[in-house]
Every structure is written in structure tokens, then in C-alpha cells.
Amino acid sequence: MSYLIKPSGYKALLNLAQTELGIKKIKDFFQQNLSSELRLRRVTAPLFVLKGMGINDDLNGVERAVTFPIKDLDDAKAEIVHSLAKWKRLTLADYEVEEGFGIYTDMNAIRSDEELGNLHSLYVDQWDWERVMNKEERTIGFLKQVVQRIYAAMVRTEYLVYEMFPKIKPILPQEIYFIHAEELLKRYPTSTPKEREDQITKEYGAVFIIGIGGVLSNGEKHDGRAPDYDDWTTIGDNGLPGLNGDLLIWNDVLNRSLEISSMGIRVDKEALLRQLRLSHAEEKKELYFHKRLLNNELPLSIGGGIGQSRLCMFFLRKGHIGEIQASIWPDDMRKEALEAGMHLI
């Protein structure tokens, strides 16, 4: 079910032409900084992959991929990607990328099961990135270093926007705050996961929540995560499970937290087997991606996705992601959004 947040007194700070200029500048500047910070080179990525190979991102495991038959392959089914979480790791191996270096790409996806609203669209665009690492770097400390580098690129980009459009004042804190999902639960024990995210992000402005996918002490997960890319069960150097997390920033326009990135250290052979067992998905061991990982044909890596439209939405102080990207919206949402000052492309 779609849901529209109507920010009180909202008025777009930029017209349509300024918005398009801002989007272009933000995307160019941020990806250059991301590439420099993490030593990534750009590669070309697929829009679809063959079904049944275990390459597509399963997200929470319940979302349906958009599929279509391929005439020249005897109607074999292709799937529009949800993200490139596993494809990138295959590419690191096939391109023989060296340790300490990686790749990034423009990922475009269709997620037909999204609940449409200010932050969720049928169309997803993000920078997907992946970097080769070594065994000694599989720690919370290394994860935090990478997060801080990504966040530094975000802070610089916000200042670029301020130089272009002085009416948009920088609001990101200089440092990002780290907290484990279990610690967050203990801080706000009576709140839902989303309420906890809002509470902690409003307090600190920018937060990275560690340990997404594993079961917490209350018997629930903070959020779901597929078992075959992020490592959410290995005990980190903080004594808690999980080598992954979500990066959130406070959105003053919508008065709520905004998830910008989901990322993490990827599963090694042991973590994959453990997480498939916990997720009752051991049959996936026979799929192409999983076989290559279990045969030690894929490098250890860290990676994630960074939402392009969401980042632009935040930097340009927009109230709806439809002010940044062209997509399909319910007629009543378009009408109500326009009445609230949000012109959906």
C-alpha cells in the first residue's frame, strides 16, 4: 500500500532546471570521490541476469523479481536485477582485481513489490561497489574505516551543493556515529526497529547501525538480509555478531531517518554455510554463485550499494524521491504530492 508523507510548509528550494543541474553535479562529484576514497574503477553492469544461477540479490528473500523469456535461449527466463551484490564479487574474480582495489557501477533495478512512497519507488538507482580485502581485514574496525571514507565523500558533496546553491545549508555532522543493532535495542527497548532508527539518527545526524540480519536478544531481527552476501553471523571485535550494517542520515524535510546505504563484509565459505543453514536455504549450495564461493574461486570482499536518487533527494532538500527520478506513481499520490508542493517527474 502506497503512503505519502506531506511535509508541513514544504516548498521546493530549486526549480526543475536547477534540480536537474544539481542531480548531474552531485552524481559526477560523489562517484569521483567514492572511487578515489576506496580505489574503485568503474565497470559496466547488467540490467538482467539468468534466473536460477543464484546471482540476483534476494533482498529479504520475499520480493519477486521481474522476469521475462528470452526467445533465442529457448525461452529461458531472465530476471531484472534487484541489486548486484553477488554479481560484483564474481566480477572481482573474473577481472582478477588485486587486494585493496575494487569496482563500482551504476546499478539500475526494478522492484515491483516496493510499497510506494516518499522514499520508495519501483525504479532503483544506486552505485554498487565491491572491494577485494584480506582475511585480517574481516573486522568491525575495518568496516568502520570504509564507512568513514564513504561518509567523508558525502560531507564533501554536501559542501559542493552549498557552493552551487547557497540557500541549501550543510547540515551533516563531520563524524558518523556507530552503534550495534543489539546496543540500539537496549537503548530503546520498547520501540520498533524503525522507531529506533529515527530516534538514534535524530540525535546524532548520521549513524551506521551494525549487525543487520541476525536475531537480536528479543528474538527478532532489526531488519532482514539475504544469507549469501553480507556476513551477519561472524562475531566481530565488539563481541557481537555481524560484519555489516546500514548508513542512515537525518532528513529534516521528512522529519525521519533516511537510509542511504546498505553494506558489509561479505560471507566467506564458513559464514555462507552457517547462514544458509540458519535461513533454511541450504539448497542454494548447488547454484552457480554459491558453488564458486564454496570452491574458493571468489575473493574475500567488502561491498554495498549507495542510493543515487536518495542521496540527491537529501542534498537538494526534496520531499519525495519522485522529484529526482522518473517513475510510475498512483494518480492520487501524484495529485496529493503536487498539492503539497512536490512535483513528481
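Where helices (runs of 4 or more DSSP H) sit wholly within the stretch 241-326, those with at least 1 residues that are farther than 25 Å from Ile5 by Cβ and not basic (Lys, Arg) occupy 269-278, 288-294.
Of the strands (runs of 3 or more DSSP E) lying entirely inside the stretch 1-119, those carrying at least 1 residues that are surrounded by 14 or more Cβ atoms within 10 Å (Cβ to Cβ) are 40-42, 48-50, 76-80, 102-110. On inspection, Leu184 passes the criterion of being more than 17 Å from the chain's Cα centre (by Cα), closer than 28 Å to Leu38 by Cβ and either surrounded by 17 or more Cβ atoms within 10 Å (Cβ to Cβ) or modelled with pLDDT of 95 or more (or both).
Look at the stretch 29-48: where a residue is among the acidic types (Asp, Glu) and a partner is modelled with pLDDT of 95 or more, sitting 6+ places away or on another chain with Cβ atoms under 8 Å, you get Glu37/Arg149; Glu37/Ile150; Glu37/Ala152; Glu37/Ala153. Only a single criterion out of (1) over 14 Å from Glu259 (Cα atoms); (2) at pLDDT 95 or above; (3) surrounded by 15 or more Cβ atoms within 10 Å (Cβ to Cβ) is not satisfied by Asp228, namely (2). Within the stretch 143-150, is there a residue that is part of a helix (DSSP H, G or I) and under 17 Å from Phe315 (Cα atoms)? Taking every residue of the stretch 143-150 in turn, at least one turns out to be part of a helix (DSSP H, G or I) and under 17 Å from Phe315 (Cα atoms). In the stretch 327-338, of all residues being outside any loop (DSSP other than H, G, I, E, B) and touching a residue at least 24 places away in the same chain (Cβ under 8 Å), the one that is surrounded by the fewest Cβ atoms within 10 Å (Cβ to Cβ) corresponds to Glu336. Going by what's in this entry, would Thr139 be described as closer than 30 Å to Leu216 by Cα and touching an Asp or Glu at 6+ places or on another chain (Cβ under 7 Å)? Considered against the rule, which asks whether it is closer than 30 Å to Leu216 by Cα and touching an Asp or Glu at 6+ places or on another chain (Cβ under 7 Å), Thr139 comes out as yes. Taking the stretch 236-252 as the range and being buried (at least 24 other Cβ atoms within 10 Å of the Cβ) and either of a type in the set (Gly, Ala, Ser) or farther than 29 Å from Gly319 by Cα (or both) as the test, the residues that pass are Gly242, Leu243, Gly245.
Cβ separations smaller than 9 Å between residues 6+ apart or across chains give the following pairs from the stretch 197-217 residues that are touching a residue at least 12 places away in the same chain (Cβ under 8 Å) and assigned to a loop (DSSP other than H, G, I, E, B) to residues that are surrounded by fewer than 17 Cβ atoms within 10 Å (Cβ to Cβ) and basic (Lys, Arg): Ser217/Lys186. For first residues located in the stretch 225-243 and over 15 Å from Ser301 (Cα atoms), partners that are among the charged types (D, E, K, R) and part of a loop (DSSP other than H, G, I, E, B) and lie 6+ apart or on another chain with Cβ distances below 7 Å form the pairs Ala226/Asp57; Ala226/Asp58. When the stretch 307-339 is filtered for residues that are among the hydrophobic types (A, V, I, L, M, F, W, C) and within 14 Å of Leu119 (Cβ to Cβ), the ones remaining, listed by number, are Leu311, Cys312, Met313, Phe314, Ile321, Ile324, Trp329, Met333, Ala337.
The values are calculated or read from the model by the stated rules, or taken from the named source; none is laboratory data. Just so it is clear, the model here is predicted, and its values are computed rather than measured. Neighbour counts are summed over all protein chains in view; Cβ atoms, including those assigned to glycine, are modelled from backbone coordinates with ideal geometry.
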